[in-house]
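Trainee: Dropping a structure here in structure tokens format, bear with me for questions.
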Amino acid sequence: MAIDLNGLNAAELEALAKEIETRKVEVEKETKQSAYAEMLAIADKHGVPFEEVVALHGGKGRKSGAKAPAKYANPADPSQTWSGHGRKPAWVHEALEAGKSIEDLEI
């Protein structure tokens with residue numbers, strides 16, 4: 001399915017681009033609805049309510065935005081904390097260079 005774009009002016013191309021974007025959104029929605037219908041059918045085939053399947057797997061993994069609890073605090077400013085995951089904050093590096101141990105920074 002080839003469309004000859006060479007004969008179209010800027011306004012026609014812009015209108016076509018908007019139609020394409022609209023259709024892409026429609027296709028994505030149709031695809032999601034189809035996938036949902038298939039998942040409902042599979043759950044029904046196994047005699048399990050779909051909501052229970054979703055709830056069973058909904059609690060797995062880390063929730064986006066959820067932070068790990070703080071394990072270390074800056075002795076000079078207790079409001080500065082670090083979970084022990086990821087890069088060490090500058091205050092941790094400074095404390096270690098000053099002779100403190102990581103255990104000294106534990107909360």
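Trainee: From Ala35, Ala43, which residue is in a helix (DSSP H, G or I) and touching an Asp or Glu at 6+ places or on another chain (Cβ under 9 Å)?
Mentor: Working: Ala35 fails: touching an Asp or Glu at 6+ places or on another chain (Cβ under 9 Å).
Within the list Ala35, Ala43, the selection yields Ala43.
Trainee: Moving to a separate point now. Within segment 78-107, which residues are closer than 18 Å to Ala68 by Cβ and either of a type in the set (Gly, Ala, Ser) or in a helix (DSSP H, G or I) (or both)?
Mentor: Ser79, Ser83, Gly84, Gly86, Trp91, Val92, Ile102, Leu105
Trainee: Taking segment 85-104, which residues are surrounded by fewer than 15 Cβ atoms within 10 Å (Cβ to Cβ) and either in contact with a Lys or Arg (Cβ under 6 Å, 6 or more places away or on another chain) or among the hydrophobic types (A, V, I, L, M, F, W, C) (or both)?
Mentor: Ala90, Leu96, Ala98, Ile102
Trainee: Sticking with this structure for a sec: Considering segment 52-106 alone, what residues qualify as being hydrophobic (A, V, I, L, M, F, W, C) and at pLDDT 90 or above? Steps first, please.
Mentor: Of segment 52-106, the ones hydrophobic (A, V, I, L, M, F, W, C) are 53-56, 66, 68, 70, 73, 76, 82, 90-92, 95-96, 98, 102, 105.
Ala70, Ala73, Trp82, Ala90, Trp91, Val92, Ala95, Leu96, Ala98, Ile102, Leu105, listed by residue number.
Trainee: Another question about this same structure. Between a residue in segment 88-107 that is within 10 Å of Asn74 (Cα to Cα) and any residue that is part of a helix (DSSP H, G or I) and aromatic (Phe, Trp, Tyr), which pairs come within a Cβ distance under 9 Å, given they are 6 or more apart or on different chains?
Mentor: Listed pairs, sorted by first residue: Leu105/Trp91.
Trainee: Looking only at segment 46-66, decide whether some residue is within 18 Å of Ile107 (Cβ to Cβ) and among the β-branched types (Val, Ile, Thr).
Mentor: We begin by selecting, within segment 46-66, every residue within 18 Å of Ile107 (Cβ to Cβ); these are none.
Looking for residues that are within 18 Å of Ile107 (Cβ to Cβ) and among the β-branched types (Val, Ile, Thr), one finds none in segment 46-66, hence no.
The values are calculated or read from the model by the stated rules, or taken from the named source; none is laboratory data. Values in this document were obtained by computation on a predicted structure and should not be read as measured data. Positions of Cβ are backbone-derived with ideal geometry, glycine not excepted, and every protein chain shown enters the neighbour counts.
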